[in-house]
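Have a look at the structure below before the remarks.
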Amino acid sequence: MATELGLSFEHRPLEWQQCGRDEAYLALNPAGTIPAVVDGDFVLSESLAINLYLARKFGSLLPVDPQEQAKVMQWSFWAATTLEDNYIQWAEHSHWLPAALRDPTAAASAAANLNQPLDRLELALSKSEWLVGASFTVADLNVASTIALLRNVEREKRPFVARWLNLCFSRSAYIQAAKLP
Ligand SMILES: N[C@@H](CCC(=O)N[C@@H](CS)C(=O)NCC(=O)O)C(=O)O
C-alpha cells in the first residue's frame with residue numbers, strides 16, 4: 001500500500017520466525033506479528049488495518065462515499081475472517097512448509113473450505129472488474145494480498161478471480177514491493 005501511494009518509507013525486514021520473541025519488536029507490537037507500521041509515534045499492526053489506515057490518510061484508494069467505504073470494510077473483514085485461516089493452512093501444507101512437514105490432507109481440507117468463499121468472489125468479479133466501484137481500491141489490495149498464491153491455481157477453476165488476481169499482481173507497486181527483502 002505504501003508503494004501504491006508513492007510514500008517514501010523505510011522498510012525494516014524481520015525474520016517472521018523470530019519476531020514473536022524479539023523484545024525490541026514486542027515493545028513496538030505486542031502481538032509479535034509482522035507487519036507493523038510506524039508513522040511518527042503511531043504504531044499499528046494487522047496488515048489489512050495498516051492498508052486501510054494508509055489509504056485513508058495518504059491517498060485516494062479508499063472511496064469517500066460512506067456506502068463504498070462500508071463495502072471496502074466488508075471485503076476486508078471477509079478476507080480476515082473467511083479466507084485467511086483456510087488460505088494459510090492451504091499455503092503452509094502446499095507451499096510454505098518444508099516438503100517433509102506438509103500434510104496433503106490438511107491442504108485438501110483447507111482447499112475444500114475455500115471453495116465456497118472463492119465462488120462468492122468469482123460471482124462478484126463476474127459482475128464488476130473491481131470489488132468496490134469502478135477502479136482498484138484498498139478492498140482489492142486487501143483481498144488479493146490475503147490469497148496471493150492462488151493466482152497460480154485459479155486459472156482453470158475461476159476465470160474472473162484469476163483475471164482479477166493477475167491485474168492486482170501486475171501493478172507496478174506490487175512488482176516493486178515484491179522485490180523488498
Ligand atoms: N493477521 C495478521 C497475520 C500476521 C502474521 O501472522 N504474520 C506472520 C508472518 S507473514 C507472523 O508474523 N508470524 C510470526 C508469529 O506469528 O509469531 C496480519 O495480517 O497482519
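Report whether or not residue 92 is of a type in the set (D, E, K, R), more than 20 Å from residue 173 (Cβ to Cβ) and over 18 Å from the mean Cα position of the chain (by Cα).
Against the criterion (of a type in the set (D, E, K, R), more than 20 Å from residue 173 (Cβ to Cβ) and over 18 Å from the mean Cα position of the chain (by Cα)), residue 92 does not qualify.
Just to be sure, is residue 144 within 16 Å of the ligand (Cβ to nearest atom), closer than 27 Å to residue 2 by Cα and in contact with a Phe, Trp or Tyr (Cβ under 8 Å, 6 or more places away or on another chain)?
Here the answer is yes, as residue 144 does meet what is asked.
Is there any pair linking a residue in the range 81-106 that is part of a helix (DSSP H, G or I) to one that is within 13 Å of the ligand (Cβ to nearest atom), with Cβ under 7 Å and at least six apart or on different chains, and which?
From residues that are part of a helix (DSSP H, G or I), the pairs are 83/146; 83/147; 84/146; 87/146; 87/147; 91/149; 95/149; 106/89.
Condition first: surrounded by 11 or more Cβ atoms within 10 Å (Cβ to Cβ) and in contact (Cβ under 8 Å) with a residue 60 or more places away in the chain. Now tell me which residues in the range 6-53 satisfy that.
If the condition is that a residue be surrounded by 11 or more Cβ atoms within 10 Å (Cβ to Cβ) and in contact (Cβ under 8 Å) with a residue 60 or more places away in the chain, then 47, 48, 51, 52 are the ones that fit.
Please find, among 171, 120, 163, 151, the residue that is within 29 Å of residue 60 (Cα to Cα), among the basic types (Lys, Arg) and under 14 Å from the mean Cα position of the chain (by Cα). Steps first, please.
Values: 171 fails: under 14 Å from the mean Cα position of the chain (by Cα); 120 fails: under 14 Å from the mean Cα position of the chain (by Cα); 163 fails: under 14 Å from the mean Cα position of the chain (by Cα).
That would be 151, the only listed residue that is within 29 Å of residue 60 (Cα to Cα), among the basic types (Lys, Arg) and under 14 Å from the mean Cα position of the chain (by Cα).
Out of the range 135-158, which residues are of a type outside the set (A, V, I, L, M) and part of a helix (DSSP H, G or I)?
140, 142, 145, 146, 151, 152, 154, 155, 156, 157
Name the residues in the range 66-80 that are among the hydrophobic types (A, V, I, L, M, F, W, C) and in contact (Cβ under 8 Å) with a residue 60 or more places away in the chain, would you? Give the steps one after another, and end with the answer.
Initial filter on the range 66-80 (among the hydrophobic types (A, V, I, L, M, F, W, C)): 70, 72-73, 75, 77-80.
72, 75, 78, 79, 80 - these are the residues of the range 66-80 that are among the hydrophobic types (A, V, I, L, M, F, W, C) and in contact (Cβ under 8 Å) with a residue 60 or more places away in the chain.
Could you tell me which residue of the range 75-96 is surrounded by the fewest Cβ atoms within 10 Å (Cβ to Cβ), considering only residues that are among the aliphatic types (A, V, I, L, M) and farther than 17 Å from residue 138 by Cβ? Walk me through how you get there before you give the answer.
Taking the range 75-96 as the starting set, the residues that turn out to be among the aliphatic types (A, V, I, L, M) are 79-80, 83, 88, 91.
Going one step further and asking which of them are farther than 17 Å from residue 138 by Cβ, we end up with 88, 91.
Values: 88: 13, 91: 17.
By that ranking, first place goes to 88.
Run down 132, 161 and say which single residue is surrounded by 17 or more Cβ atoms within 10 Å (Cβ to Cβ), among the β-branched types (Val, Ile, Thr) and not in a helix (DSSP H, G or I).
Details: 161 fails: not in a helix (DSSP H, G or I).
Sole residue among the options that is surrounded by 17 or more Cβ atoms within 10 Å (Cβ to Cβ), among the β-branched types (Val, Ile, Thr) and not in a helix (DSSP H, G or I): 132.
Give the residue, chosen from 61, 101, 121, that is of a type outside the set (Val, Ile, Thr), at pLDDT 95 or above and surrounded by fewer than 18 Cβ atoms within 10 Å (Cβ to Cβ).
The conditions single out 101.
The values are calculated or read from the model by the stated rules, or taken from the named source; none is laboratory data. Given the structure is predicted, the values throughout are model-derived calculations rather than measurements. Glycine gets a Cβ as well: all are built from the backbone with ideal geometry, and neighbour counts include every protein chain shown.
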